[in-house]
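S.K.: Here it is: the structure, laid out below.
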Amino acid sequence: MIGQRESVSGAHFAFTDRWGGVSAAPYEELNLGGAVGDTPGSVTVNRELAAKSLGLDPGRVVWMNQVHGAGVTRVNGPWGTDVPSFGGNREEGGAVPETDALVTARRGLALAVLTADCVPVLLADPVAGIVAAAHAGRPGMVKGVVPAAVRAMTELGAEPGRIVARTGPAVCGRCYEVPEAMRAEVAAVEPAAYAETSWGTPAVDVCAGVHAQLDRLGVRDRARSPVCTRESQDHFSYRRDRVTGRLAGYVWLD
């Protein structure tokens, strides 16, 4: 269920695998995505199971409506409370806004990001008491969603040199094949993302691009998961299976 978990100075980071839930094929078992065609009741149960396995109140986990952009939304509580934003996102009528990063200064409030090949990015400044979660696919990485999340954290008092960054399971550069023109476009923005597949064709390494961006921002305490979602049968992969579930990354402070 929880494939990876780590705690650093009161900041907690966790990434799920696909096992331990109630969803049927092709979403088996622990699908946490609510917009992939799975039964809503199964998703609700899965989210409750995952949260409780981490010692979290499921009602205190904040999810996003992810759109492969660079918007960042500040949250002070579960949806339906006051939600100021960075980058033009707004909450209207209590609905979950379209955004690709969340930031909060509320301890005990967990932020969640959904992925199935994209890079889940979890950030925390335990001293300032600020955490953020970002969804960095290829478009989001190019648009700068991770730098935007770090800027939002610093506006609340975080310092890049204190930020702890963890990236979870994602498709690796040796498996993320793209057309040559797309690789060139991405590399023009982020050279570190230039890659080649294991079979010798153009590729993009989104995770390498994210870590290069974090490094330029002064975030030094970084670690990436060794798991490639396309290669691992223990993880969901959109590129491998197309119709599939979603993994989740969680970050929160005591």
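All of the numbers you see were taken from the coordinates with simple rules; none came from a lab. Since we're looking at a predicted model, the values are computed, not measured. Backbone-built Cβ (ideal geometry, glycine too); neighbour counts: all protein chains shown.
S.K.: Per-residue ellipticity at 222 nm for the chain, helices alone: DSSP H runs ≥ 4 residues times -39500 (n - 2.57), over residue total, nearest 500 deg cm²/dmol?
M.R.: -6500 deg cm²/dmol
S.K.: Take the chain, mark every one of the trypsin sites (Lys or Arg not before Pro) that falls in a DSSP loop and has at most 14 other Cβ within 10 Å, then report the longest stretch left between them, sites excluded.
M.R.: 108-219
S.K.: Could you compute how fast the stretch 106-180 diffuses translationally, taking Rh as the Kirkwood radius over C-alpha pairs and applying Stokes-Einstein at 37 °C with viscosity 0.692 mPa s? Give it in µm² per second.
M.R.: My calculation gives 248 µm²/s for D.
S.K.: According to the square roots a ≥ b ≥ c of the eigenvalues of the Cα gyration tensor, what is the shape class of the stretch 188-254, taking rounded for a/c under 1.5, prolate for a/b larger than b/c otherwise, and oblate for the remainder?
M.R.: oblate
S.K.: Past the 35 angstrom mark, what percentage of all C-alpha to C-alpha distances in the stretch 2-253 do you count?
M.R.: 8
S.K.: A further question on this structure: Sort out the exposed loop chymotrypsin sites (Phe, Trp or Tyr not before Pro) in the chain (DSSP loop, at most 15 other Cβ within 10 Å) and tell me the longest stretch that has none.
M.R.: 20-198
S.K.: Just want the answer: with Cβ charges of +1 for Lys and Arg and -1 for Asp and Glu, which residue in VAL43, THR229, GLY3 is farthest toward the dipole's positive end in the stretch 2-253?
M.R.: GLY3
S.K.: Sticking with this structure for a sec: Tell me, what ³J(HN,Hα) does each residue in the stretch 235-242 have, in order and in whole Hz, if you take phi through Karplus 6.51 cos²θ - 1.76 cosθ + 1.60 with θ = phi - 60° and put x for Gly and Pro?
M.R.: The phi angles translate into 9, 6, 9, 5, 5, 7, 10, 6 Hz.
S.K.: Which number do you get for Rg(Cα) / (2.2 N^0.38 Å) in the stretch 150-220?
M.R.: 1.29
S.K.: Next question, about the same structure. Using the alpha-carbon centroid of each, what span in Å lies between the stretch 137-179 and the stretch 54-75?
M.R.: When both Cα centres are located, 15 Å separates them.
S.K.: Report the paramagnetic label zone for ARG239: residues of the stretch 186-204 whose backbone N is under 15 Å from a point 7 Å from Cα along the Cα-to-Cβ axis.
M.R.: Only 186-187, 193-204 pass the distance filter.
S.K.: Take the chain, connect every pair of alpha-carbon atoms lying under 10 Å apart with a spring to form a Gaussian network, then pick out the residue of ALA51, ALA165, ALA116 with the largest mean-square fluctuation.
M.R.: Comparing ALA51, ALA165, ALA116 in a Gaussian network model of the chain, the most mobile one is ALA51.
S.K.: Moving on to the next point. So if I place +1 on the C-beta of Lys and Arg and -1 on the C-beta of Asp and Glu, and nothing else carries charge, what would the dipole magnitude of the stretch 2-253 be about its Cα centre? I want it in debye, nearest 20.
M.R.: It comes to approximately 340 debye.
S.K.: Only four residue types carry charge here, +1 at the Cβ of Lys and Arg and -1 at the Cβ of Asp and Glu. Report the dipole size of the stretch 186-238 about the Cα centre in Debye, rounded to the nearest 20.
M.R.: Charge dipole of the stretch 186-238: 160 debye, to the nearest 20.
S.K.: Name the residues whose placed amide hydrogens come within less than 5 Å of the amide hydrogen of ASP17, ignoring near sequence neighbours (fewer than 5 apart) on the same chain.
M.R.: Amide H to amide H, under 5 Å and 5 or more residues apart or across chains, ASP17 pairs with ILE2, GLY3.
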